[in-house]
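The values are calculated or read from the model by the stated rules, or taken from the named source; none is laboratory data. It should be emphasised that the depicted structure is a prediction, and the values quoted were computed from it without experimental measurement. For the accessible areas, the whole protein counts, side chains as well, though only heavy atoms, and no ligand, DNA or RNA atoms are used. Shrake-Rupley method; radii C 1.70, N 1.55, O 1.52, S 1.80 Å.
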Amino acid sequence: MSIRKMTIMALLVAIAVAGSTFVSIPTGIARAYPIQHAVNVIGAIILGPVPTVLVAFVTAIIRIFTGTGSLLAIPGSVIGALCAALAYKYSRKSWLAGFGEVFGTGILASLIAVPYAKLLMETSVAALFFMPAFLTSSTIGAILGVMVASTLRKSVLVKSFNSSLY
C-alpha cells in the first residue's frame, strides 16, 4: 500500500472521528453521525473496498474508545462502507456508492445490529428497532458524501492521486 493511500486513509479517519464529535442528530433513542457515512462514500469513490473498510473499522474503534460511538458503530459503519465501495467498484457511479451506503448501513447493518446488540450489549430489541436511526444517518451522510466526492473528483488533487490509488 502506498504512502499516499495510507495518508488519505488517515485523513479520512481523522475527519470521521472529528466530525462525529461535532455533528450528530438525535433520532429517537440513538444519535445519527452522518459524517461517518459521508466518509464511507468518499472513501469508496477514491480508495476502493479494502481501504474504505479499514477506514470505517479504525474510525469505529476510535469512536468507541472516545465515547462518541457505541459498539453499534462497528456494524453500522463497516457494512455500509463495504457495500458503498463494492457498488462503486462495479458501477463507477457515485450515486450508487451513496445507495450502497444507505442499503448497507440502513438495511443490512440495522438488521445485523439486533443479534449483535443482544450478544455484546445484552440489549434485546425488535428486528426493525435500529432501522430508522441507521437509515436517517446513512441517508444524510450518503447525500453529503456524494456531493463532496463529486466535487473532489473534479479537482486536480484527486485526478493526480486517482491513477495511483487503485
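These residues, 89, 5, go from largest to smallest accessible area, 1.4 Å probe, as 89, 5.
Contact order for the range 22-119, expressed relative to its length and based on alpha carbon pairs under 8 Å spaced 6+ residues apart, stands at 27 percent. Each of 21, 59 has its accessible area taken with a 1.4 Å probe; listed largest first, they run 21, 59.
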